[in-house]
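S.K.: Dumping the structure here so I can ask a few things about it.
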Amino acid sequence: MRTYLVTGGAGFIGSNYIHYMFKKYDNEIRIINVDKLTYAGNLENLKDIEDRENYTFVKADICDSEAIMKIFDENDIDRVVHFAAESHVDRSIRNPEVFVKTNVLGTLVMLNAAKSAWELPDGTFKPDKKFLHVSTDEVYGSLEEDGGFFYETTPYDPHSPYSASKASSDMLVKSYMDTYKFPANITNCSNNYGPYQFPEKLIPLIINNALQGKKLPVYGDGKNVRDWLYVMDHAKGIDMVQEKGRLFETYNIGGHNEKQNIQIIHIILDTLQEMLPEGDPRKELVSENLITYVEDRKGHDRRYAIAPDKIKEEVGWYPETCFEDGIRLTIQWFFEHEDWMKNVTSGDYQKYYEAMYKTK
Ligand code: NAD
Ligand code: DAU
């Protein structure tokens, strides 16, 4: 049975990936999820799979090389899928240090642990061991409004402390592939949305605020463009790259779905109006009057757009969920998980797990 070590699996994309993998492979695989449970890590996201015999959770910091090495010593790990990171641009502008620690040094710890567990005395690696580093399109910088796409060959030009830290981590992975022939891939993905996304990010923030009649903050002129991908399509892409992609290669993953932020907000408001039943008191709260233009994000990248040609040609992946369907699935999920949102916004989910880990 193949054993996966997933880092950051209690976060947004990591937890969706774990759900995707168990749905696809069921009992054919084993997953060990290592997560520090920062503010963004929430074990509620994995409640329905936590009792599986082929799933283990380890609370640890990826910067703690002893804890990570112990996992490799005690388990024959076949695949590493490395999600763990500080992921929010606005937080990186306020506090860059933790981004460098987790995203850069944490990645180095993961690389060293896997290398030391997988390397043979002659400097080659045990067969069929693979490391996938999950990265972002933000490393490529910003595109002009009127054209161009990010390709795997686009030079790196990160602007925020977040994207600079992710670019550094990508470079470390590249250096291990070039120097040691370390068996890895890098994926650079565009903006994800879907279930379990923390409501500091644009889409869940707008859904949550609109339903409560709170202001909808739009940075700058609202015309910055992002390329939105439904999270389950990303999960599928990661698995396909790891199983069908060429080792040592980078693959861009994107939604072919560019939208201005203000367009996203209007789509959410319209879809909420459409989906809320007559008589639901929230229907009266959801209104365009909530849209509030606020000061722009510092160094705000204007446009991101991925050309996912290579992953389509080599691996056969393409975005399956159109935005119209994906946003309805997302809103429906938030309707059905009001408690999740309440626990996250009140911080209760953290109090519960802090107490649980103290008693262990
Ligand atoms: P997230 O913030 O929702 O989750 C991050 C997870 O990592 C959390 O569970 C957190 O507890 C954990 N973590 C943070 N620091 C840790 C540490 N030191 N040790 C162990 N665990 C730690 O992030 P996300 O949006 O799910 O993003 C996951 C990955 O995908 C990141 O590497 C991010 O750069 C990348 N990515 C995200 C997007 C997006 O749109 N969200 C797009 C492309 C790439
Ligand atoms: O492109 C991939 C990246 O997408 C990932 O690497 C990051 O981890 C992820 O956080 C995301 O980064 P963004 O900065 O693009 O996402 P965010 O949801 O923070 O913002 C999306 C856009 O919306 C951006 O142009 C800023 C704007 N925005 C955001 C918030 C939170 C607003 O106008 N108002 C807001 O309140």
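Derivation of every value follows stated rules applied to the coordinates shown; laboratory data play no part. Predicted, not measured: the structure shown is a model, and the values here were computed from it. As a convention, Cβ positions derive from the backbone with ideal geometry for all residues, glycine included, and neighbour counts pool all protein chains shown.
S.K.: What are the pairs with Cβ atoms under 9 angstrom where one residue, in region 187-211, is in contact (Cβ under 8 Å) with a residue 24 or more places away in the chain and the other, located anywhere, is part of a loop (DSSP other than H, G, I, E, B) and β-branched (Val, Ile, Thr)? Sequence gap at least six, or different chains.
M.R.: Going by the 9 Å Cβ cut-off, the qualifying pairs are GLY194/THR321; ALA210/VAL286; LEU211/VAL286.
S.K.: Check region 64-79 and report whether any residue there is under 17 Å from THR7 (Cβ atoms), within 12 Å of ligand 1 (Cβ to nearest atom) and within 19 Å of the chain's Cα centre (by Cα).
M.R.: The answer is no, given that none of the residues of region 64-79 is under 17 Å from THR7 (Cβ atoms), within 12 Å of ligand 1 (Cβ to nearest atom) and within 19 Å of the chain's Cα centre (by Cα).
S.K.: Mind checking which pairs have a first residue in region 137-165 that is outside any loop (DSSP other than H, G, I, E, B) and a second that is within 12 Å of ligand 2 (Cβ to nearest atom) and among the aliphatic types (A, V, I, L, M), Cβ under 6 Å, 6 or more apart or different chains?
M.R.: So the pair list comes out as ASP137/ILE306; VAL139/ALA167; PHE150/ILE306; TYR162/VAL89; SER163/VAL139.
For every residue, the table says whether it meets (1) within 11 Å of ligand 2 (Cβ to nearest atom); (2) surrounded by fewer than 21 Cβ atoms within 10 Å (Cβ to Cβ).
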site: LYS181; (1), (2): no, yes
site: PRO199; (1), (2): yes, yes
site: LEU202; (1), (2): yes, no
site: LEU205; (1), (2): yes, yes
site: LYS223; (1), (2): yes, yes
site: TRP228; (1), (2): yes, no
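S.K.: If you go through region 44-58, how many residues are of a type in the set (A, V, I, L, M, F, W, C) and crowded, with 20+ Cβ neighbours inside 10 Å?
M.R.: 1
S.K.: Hey, any hits in region 283-298 for a residue that's surrounded by 19 or more Cβ atoms within 10 Å (Cβ to Cβ) and among the polar types (S, T, N, Q)?
M.R.: No: zero hits.
S.K.: For region 312-323, does any single residue satisfy the condition of being of a type outside the set (A, V, I, L, M, F, W, C) and within 16 Å of ligand 1 (Cβ to nearest atom)?
M.R.: yes
S.K.: For region 26-67, which residues satisfy the criterion of being touching a Lys or Arg at 6+ places or on another chain (Cβ under 8 Å), basic (Lys, Arg) and within 22 Å of ALA85 (Cα to Cα)?
M.R.: Selection gives LYS36, LYS59.
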